[in-house]
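Participant: Handing you a structure now.
The values are calculated or read from the model by the stated rules, or taken from the named source; none is laboratory data. If you're wondering where the values come from, they're calculated on a predicted model, not measured in any experiment. Glycine also receives a Cβ, built like all others from the backbone with ideal geometry; neighbour counts cover every protein chain displayed.
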Amino acid sequence: MHTSRARALLAAPLAALVLLATACGTGETDPEATDQAASPTAGEPQSIVSLAPATTEILYAVGAGDQVVAVDERSDFPEDAPVTELSGYTPNLEAILGYDPDLVVLSDDNGGIVDGLERAGVEVLLLPAAQTLDDTYSQIEQVGATTGRVGEAAEVVSRMQVEISEIVASVPERETPLTYFHELDDTLYTVTDDTYIGEIYSMLGMTSIATGSDPYPQLSEELILEADPDLVLLADGQCCGMTPQIVAQRPGWDQMTAVREDHVYVVDEDLASRWGPRIVDFMREVAAIVTAIPASSPAPQPAP
């Protein structure tokens with residue numbers, strides 16, 4: 001990390017601590033100080049551009065939405081986010097600078113955009129796609145520190161942790177995990193347990209039929225049919241119009257356990273692919289699916 005960026009990440013929490021110490025030292029509540037704590041100070045970013053849906057959702061979750069002046073074309077949540085034609089895939093430096101940002105938050109350094117922004121004097125917060133749930137917590141805290149929303153970010157993380165613990169506890173325990181096929185697209189790309197989504201599914205008592213060193217492998221129909229997963233999760237309903245009915249029409253799939261027992265489900269692909277605060281909503285969605293699947297009856301015991 002560049003030294004300038006590291007200083008930026010530390011500046012906000014230090015400022016918050018100074019403000020807290022001042023209030024505690026007098027023993028009185030300063031209304032003006034309270035107002036400052038609820039909104040960004042002059043030294044914090046006032047004009048933020050976000051170039052990824054996940055970073056946009058984090059910014060709004062920590063209460064920095066009023067500081068956001070533009071988001072990329074795919075950032076469709078929350079509804080009041082200022083969507084523009086900016087692209088995180090093919091970022092245009094001139095177009096981004098047209099919004100006069102003092103902070104740009106993004107998940108990829110496509111086209112060397114980070115260097116261009118820094119040369120233009122714009123602070124950059126690069127948050128690569130989270131690899132684990134802990135990464136998501138860390139990124140929320142980073143956004144909070146950079147935007148002057150340290151307390152709000154801590155509250156978001158704490159709330160997520162509590163809700164996730166409750167969701168996991170609500171899922172019935174099984175002797176063996178449910179096996180699943182998570183369909184990323186209609187060419188049968190999927191995920192292993194060694195992915196972000198794989199971790200989420202593991203927490204809910206599930207295990208992928210896909211294994212190996214490639215975390216996002218493309219499986220053959222023969223392999224899927226041979227693995228015979230307990231459930232199929234379609235993350236290509238919104239993008240590709242995939243439905244349980246279409247899956248059932250694939251050659252041989254009507255004999256699959258998941259198809260025969262109506263355990264093929266369309267899941268929200270945005271929630272499944274934006275690894276920010278709304279991953280809790282995705283876990284809740286999948287937990288409801290898992291809970292609805294009856295546990296296998298225990299094998300009969302021989303008479304004594």
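Participant: Quick test for you: out of 201, 180, pick the one residue that is under 17 Å from residue 291 (Cα atoms), in contact with a strand residue (DSSP E or B) (Cβ under 7 Å, 6 or more places away or on another chain) and in a helix (DSSP H, G or I).
Facilitator: 201
Participant: Looking only at residues in region 105-131 that are more than 19 Å from residue 68 (Cβ to Cβ) and touching a Ser or Thr at 6+ places or on another chain (Cβ under 9 Å), which one is surrounded by the fewest Cβ atoms within 10 Å (Cβ to Cβ)?
Facilitator: Of everything passing the filter in region 105-131, 128 is surrounded by the fewest Cβ atoms within 10 Å (Cβ to Cβ).
Participant: What is the residue count in region 50-75 for residues that are more than 21 Å from residue 144 (Cα to Cα) and touching a residue at least 24 places away in the same chain (Cβ under 8 Å)?
Facilitator: Of the residues in that region, 0 qualify.
Participant: Looking at residue 290, is it in contact (Cβ under 8 Å) with a residue 12 or more places away in the chain, outside any loop (DSSP other than H, G, I, E, B) and under 21 Å from residue 52 (Cα atoms)?
Facilitator: no
Participant: Taking the options 30, 72, 35, name whichever one is modelled with pLDDT of 55 or more and either out of contact with any strand residue (DSSP E or B) (no Cβ under 7 Å at 6 or more places or on another chain) or not aromatic (Phe, Trp, Tyr) (or both).
Facilitator: 72
Participant: Give the number of residues within region 228-243 that are buried (at least 17 other Cβ atoms within 10 Å of the Cβ) and either closer than 26 Å to residue 130 by Cα or in contact with a Ser or Thr (Cβ under 7 Å, 6 or more places away or on another chain) (or both).
Facilitator: Total meeting the criteria: 9.
Participant: Looking at the structure I just gave you, is residue 117 among the hydrophobic types (A, V, I, L, M, F, W, C) and without any contact (Cβ under 8 Å) to a residue 40 or more places away in the chain?
Facilitator: Against the criterion (among the hydrophobic types (A, V, I, L, M, F, W, C) and without any contact (Cβ under 8 Å) to a residue 40 or more places away in the chain), residue 117 qualifies.
Participant: Across region 227-277, which residue is farthest from residue 182 (Cα to Cα) among those that are part of a loop (DSSP other than H, G, I, E, B) and of a type in the set (Val, Ile, Thr)?
Facilitator: Among those residues, the one meeting the criterion is 243.
Participant: Another question, then. Please tell me if residue 156 is modelled with pLDDT of 95 or more, buried (at least 20 other Cβ atoms within 10 Å of the Cβ) and part of a loop (DSSP other than H, G, I, E, B).
Facilitator: Spelling it out, it is not the case that residue 156 is modelled with pLDDT of 95 or more, buried (at least 20 other Cβ atoms within 10 Å of the Cβ) and part of a loop (DSSP other than H, G, I, E, B).
Participant: Is it the case that region 43-59 has a residue that's at positive phi and modelled with pLDDT of 95 or more?
Facilitator: Looking for residues that are at positive phi and modelled with pLDDT of 95 or more, one finds none in region 43-59, hence no.
Participant: Please tell me if residue 274 is within 26 Å of residue 132 (Cβ to Cβ), surrounded by 14 or more Cβ atoms within 10 Å (Cβ to Cβ) and basic (Lys, Arg).
Facilitator: The answer is yes for residue 274.
Participant: Which one of these is over 30 Å from residue 75 (Cβ atoms), surrounded by 14 or more Cβ atoms within 10 Å (Cβ to Cβ) and not small (Gly, Ala, Ser): 293, 246, 279?
Facilitator: It is 293.
Participant: Continuing with this model, one more query. Against the conditions (1) part of a loop (DSSP other than H, G, I, E, B); (2) surrounded by 20 or more Cβ atoms within 10 Å (Cβ to Cβ); (3) among the polar types (S, T, N, Q), where does residue 139 fall short? Just the number, please.
Facilitator: (1)
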